[in-house]
Amino acid sequence: MTDRAAPVRDDREDDAPAADGPAAEATDVAPSRQARWALLLAVAAVVLALDQLSKAWVVSELGDGRTIELVGSLRLRLTMNYGSAFSLANGRGALISLLALAVVAVLLRTGRHARSPVMAVALGLGVGGALGNLLDRAFRAGDGFLGGGVVDFVDLQWWPVFNLADSAIVVGAIGLFLLQWQDDDKAGAERPA
């Protein structure tokens with residue numbers, strides 16, 4: 001006969017919440033939601049910093065009208081955009097800025113509920129890009145409230161001149177579109193025929 005000790009029962013296990021159920025879901029969701037929110041803010045901060053650093057360099061190096069030829073039709077050339085994308089709505093900087101502030105608010109509100117890291121990155125790209133251009137409108141010389149010009153410098157010569165903020169906005173929007181398309185495909189596959 002072997003001498004085995006009976007397993008000791010820990011009564012604290014009964015007090016702990018079950019591994020599944022609403023309490024476990026709440027604790028699992030909160031850290032991942034916080035991580036996605038932090039990812040969105042980090043991406044926005046990196047985009048904003050890179051955008052503003054690149055614009056400061058362009059203004060200091062190309063402010064005299066110089067152009068830097070790179071590859072093919074790609075060149076760096078300083079232009080100031082007082083309108084919206086593609087220099088449309090010239091002179092309506094304040095209105096465009098107010099619309100951009102509204103878009104940033106919507107993106108941040110949406111970002112608090114980002115369902116995936118990819119969505120958080122896409123929203124962060126949009127927020128960082130929009131804030132980068134808003135800073136230009138607020139602090140670059142211009143006419144009145146938020147009437148400053150946005151520094152554009154990437155010149156393909158066959159497309160309107162743009163900047164890193166514009167690129168981030170476009171990439172983020174494409175990412176959000178693809179995520180929505182993917183969600184629509186999944187929802188369609190789950191519907192009974």
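Based on the mean of other Cβ atoms within 10 Å per residue, sort peptides 150-162, 113-125, 59-71, 170-182 so the most packed one is first. Let's see the in-between values first.
On the way: 150-162: 17.9, 113-125: 20.2, 59-71: 10.8, 170-182: 14.7.
Sorting 150-162, 113-125, 59-71, 170-182 by mean packing, highest first, produces 113-125, 150-162, 170-182, 59-71.
Report ³J(HN,Hα) in whole Hz for each residue of the range 113-130, in order, from the Karplus equation J = 6.51 cos²θ - 1.76 cosθ + 1.60 where θ = phi - 60°; Gly and Pro get x. Karplus values, whole Hz, x for Gly and Pro: 10, 4, 8, 8, x, 4, 5, 5, 5, 4, 5, x, 4, x, 5, x, x, 5.
How large is the accessible surface per residue of the range 98-184, computed with a 1.4 Å probe and reported in Å² as a whole number? Mind dumping the intermediate values first?
Values: 4580 Å² over 87 residues.
Per residue, the range 98-184 has 53 Å² of solvent-accessible surface.
Taken one residue at a time, the phi angles of the range 42-55 give Karplus couplings (6.51, -1.76, 1.60, θ = phi - 60°) of 5, 4, 4, 5, 5, 4, 4, 5, 4, 4, 5, 5, 5, 5 Hz. Gly and Pro are set to x. Sequence-ordered 3J(HN,Hα) estimates for the range 59-65 from the Karplus curve with 6.51, -1.76 and 1.60 and θ = phi - 60° stand at 4, 6, 8, 10, x, 8, x Hz, glycine and proline given as x. Ranked by the mean number of other Cβ atoms within 10 Å per residue, highest first, peptides 100-110, 46-56 order as 46-56, 100-110.
The values are calculated or read from the model by the stated rules, or taken from the named source; none is laboratory data. Please read these numbers as outputs of a predicted model, since none were measured by experiment. Cβ sites come from the backbone with ideal geometry, for glycine too, and all protein chains shown count toward neighbours. Protein only, heavy atoms only, side chains kept; ligands, DNA and RNA dropped before computing areas. Shrake-Rupley method; radii C 1.70, N 1.55, O 1.52, S 1.80 Å.
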